[in-house]
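Accompanying notes for the structure given below.
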Amino acid sequence: MGPSPQPELAEKLSAILAICQKMNSERDLGALLDLIAREATDLLGCDRASIFLLDRERNELWSKVALGSDEILRFDASHGIAGSTVLTGETINVRDAYSDPRFYDAIDGQTGYRTRTVLAVAVRNQAGETIGAFEVLNKRVGWFCARDEQTLAALASHAAIAIETAQLVGELRRTQDELVMQNAHLWREVESRYATHGIIGTGPRIQQIVRLVERIRDSVVSVLITGESGTGKELVARAIHRTSSRARRPFVALNCAALPETLLESELFGIEKGVATGVQPRLGQFQKADGGTLFLDEIGDLSLTAQAKILRVLQERVVERVGGRAPVPVDVRLLAATNKDLEAEIGKGTFREDLLYRIKVIHIHMPALREIREEIPLLANHFLREYGQESGRAGLEFAPAVFRRLATAPWPGNVRQLRNEVMRLAACARDNVIGEDDLSEGIPGPAPTRPAARTARAESLKDAVAELEQRMITEALRETRNNQLQAAKRLGLSRQGLINKMKRYAIAE
């Protein structure tokens, strides 16, 4: 009697188990195919091994040409012994490849390899569908036997699971990469949309603010933004955040004047559970803004107690929740705003001088709208387009006379009041052209003027119109400081139309 096959079988099973463990730990499909081919050649004592995967859309089989290579071999799924295995699902064992009509010798011709013996088994997924063929070539001693068929079939069943897992992981990685690219694209769109940081204005004072925002984009220092209510202090704070390295982290805004003193501390620093009956734990604004930016509007309205605690957070970079014992580290950039004169508040004893030094590393002052009247037409048009986009009502525009009325109004509420008025005008407008009749009673009318003396040469309608045009063009140029584009918008003309009229009437720039 010959030796028992049991030790050899146990050794084979042990080797297959070790290979399966290696396969299950590999998630890259290319590396997995290399691993399976390498282990199969060692286990079955052959020259080469390949897994051919089925591309159903193209009805092709594909495989890596050689171990470690990125080159892919593709051929029609109906060709070769691998194709027959995929088609029939049967195991094919050939002792002389070139004498078998199913053998596809073009692959040997393409790779320069000489095939003698072939063993191929189907690779099936967990649903029982054939997804490819596992093929080994050229047994080093003799030819492939029945036990080799069993061994290869066992390897193929485990390889199918590992391959599907690697394909799924690859698909998830591609999806993740696509999401990352889409996210980057969306951020580019956001950054493009706010290329001027959302700050509207072409005059020197506004552009100086825009340039300052650009200069401090890579800084983490605190910024104090001052100005009257409604001048756009929070808009500038958001612009600073968007252009900074913290843009993808939270921007948290808190109006200090809107909170009662009893709630301010828990709102800023958070509160622990059980401080009082029914109190639930809550994060404070400093923790919500961790890694990002905290904007404290109307910081001048804080009590001295709250100011002292904010100063400690800025100095030590930790917060203590109400009722808490352990300090919590925070990484926050502080932006603050006020409509008060903080130096005067220091003199009154209502604001801490050391806190002012902490928050006023950079100072930005927002001008009142009455100080930048040249920006009013541009702002009004911007708000009108904004309303049109939101409401789906395109084509709204102002009559030239409305621009003149808007430009002379006092605007105690500044840009916020102007925006509200434009939104009201747009919502109530009967026609696409908004006229003087649509304006609020609070918008002042034109100052009364004495009628100009009419000469005999200006008696005709043509001369009267020409005289009126010259006066309106001259006035618009003076009010816009010779900005032709803005003057043209006020007059309801194109820039070239304005230039033509200036030439006709010999109006100097």
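The values are calculated or read from the model by the stated rules, or taken from the named source; none is laboratory data. Given the structure is predicted, the values throughout are model-derived calculations rather than measurements. No Cβ is skipped: glycine too gets one built from the backbone with ideal geometry, and neighbour counts run over all protein chains shown. Ligands, DNA and RNA are excluded from the accessible area calculation, which covers all protein heavy atoms including side chains. Shrake-Rupley method; radii C 1.70, N 1.55, O 1.52, S 1.80 Å.
Here are a few things to note about the model shown:
- Per-region count, the range 143-155, residues without any contact (Cβ under 8 Å) to a residue 60 or more places away in the chain and either touching a Lys or Arg at 6+ places or on another chain (Cβ under 9 Å) or open to solvent by less than 10 Å² (accessible area, probe 1.4 Å) (or both): 3
- Selection status of residue 311, assigned to a helix (DSSP H, G or I), aliphatic (A, V, I, L, M) and closer than 17 Å to residue 223 by Cα: yes
- Scanning the range 103-137 for residues that are of a type in the set (Ser, Thr, Tyr), open to solvent by 20 Å² or more (accessible area, probe 1.4 Å) and in a loop (DSSP other than H, G, I, E, B) yields 104, 113.
- Within the range 325-339, the residues that satisfy the criterion of being in contact with a Ser or Thr (Cβ under 8 Å, 6 or more places away or on another chain) and either over 14 Å from residue 356 (Cα atoms) or open to solvent by 30 Å² or more (accessible area, probe 1.4 Å) (or both) are 332, 333, 339.
- Members of the range 132-176 found to be farther than 22 Å from residue 18 by Cα, at pLDDT 90 or above and within 45 Å of the chain's Cα centre (by Cα), listed by number: 132
- Each residue in the range 30-51 was checked for being open to solvent by 40 Å² or more (accessible area, probe 1.4 Å) and in a helix (DSSP H, G or I), and 2 pass.
- The range 227-277, residues that are assigned to a helix (DSSP H, G or I), small (Gly, Ala, Ser), more than 17 Å from the chain's Cα centre (by Cα) and within 16 Å of residue 337 (Cβ to Cβ): 237, 257, 258
- When 115, 88 are checked against the criterion of being modelled with pLDDT under 90, under 21 Å from residue 148 (Cα atoms) and hydroxyl-bearing (Ser, Thr, Tyr), a single residue qualifies: 115.
- Test result for residue 217, surrounded by fewer than 19 Cβ atoms within 10 Å (Cβ to Cβ), at pLDDT 85 or above, of a type outside the set (Val, Ile, Thr) and not in a helix (DSSP H, G or I): no
Every residue, every condition in (1) assigned to a helix (DSSP H, G or I); (2) at pLDDT 85 or above; (3) surrounded by fewer than 16 Cβ atoms within 10 Å (Cβ to Cβ), yes or no:
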| position | (1), (2), (3) |
| --- | --- |
| 381 | yes, yes, no |
| 393 | no, no, yes |
| 403 | yes, no, no |
| 412 | no, yes, yes |
| 415 | yes, yes, no |
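- Output for the range 149-175, where each listed residue is among the small types (Gly, Ala, Ser) and within 22 Å of residue 139 (Cβ to Cβ): 153, 154, 156, 157, 159
- Selection status of residue 234, closer than 22 Å to residue 351 by Cβ and of a type in the set (Asp, Glu): yes
- Being part of a loop (DSSP other than H, G, I, E, B) and at pLDDT 85 or above is a condition met by at least one residue of the range 78-85.
- Counted residues, the range 473-484 - those being surrounded by fewer than 14 Cβ atoms within 10 Å (Cβ to Cβ) and either modelled with pLDDT of 80 or more or more than 18 Å from residue 379 (Cα to Cα) (or both): 2
- Note on the range 343-357: residues that are crowded, with 17+ Cβ neighbours inside 10 Å and under 36 Å from the mean Cα position of the chain (by Cα) amount to 2.
Residues checked against (1) of a type in the set (Ser, Thr, Tyr); (2) open to solvent by 40 Å² or more (accessible area, probe 1.4 Å); (3) at pLDDT 95 or above; (4) more than 30 Å from residue 228 (Cα to Cα):
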residue	(1), (2), (3), (4)
274	no, yes, no, yes
281	no, yes, no, yes
285	no, no, no, no
294	no, no, yes, no
302	no, no, no, no
315	no, yes, no, no
323	no, yes, no, yes
341	no, yes, no, no
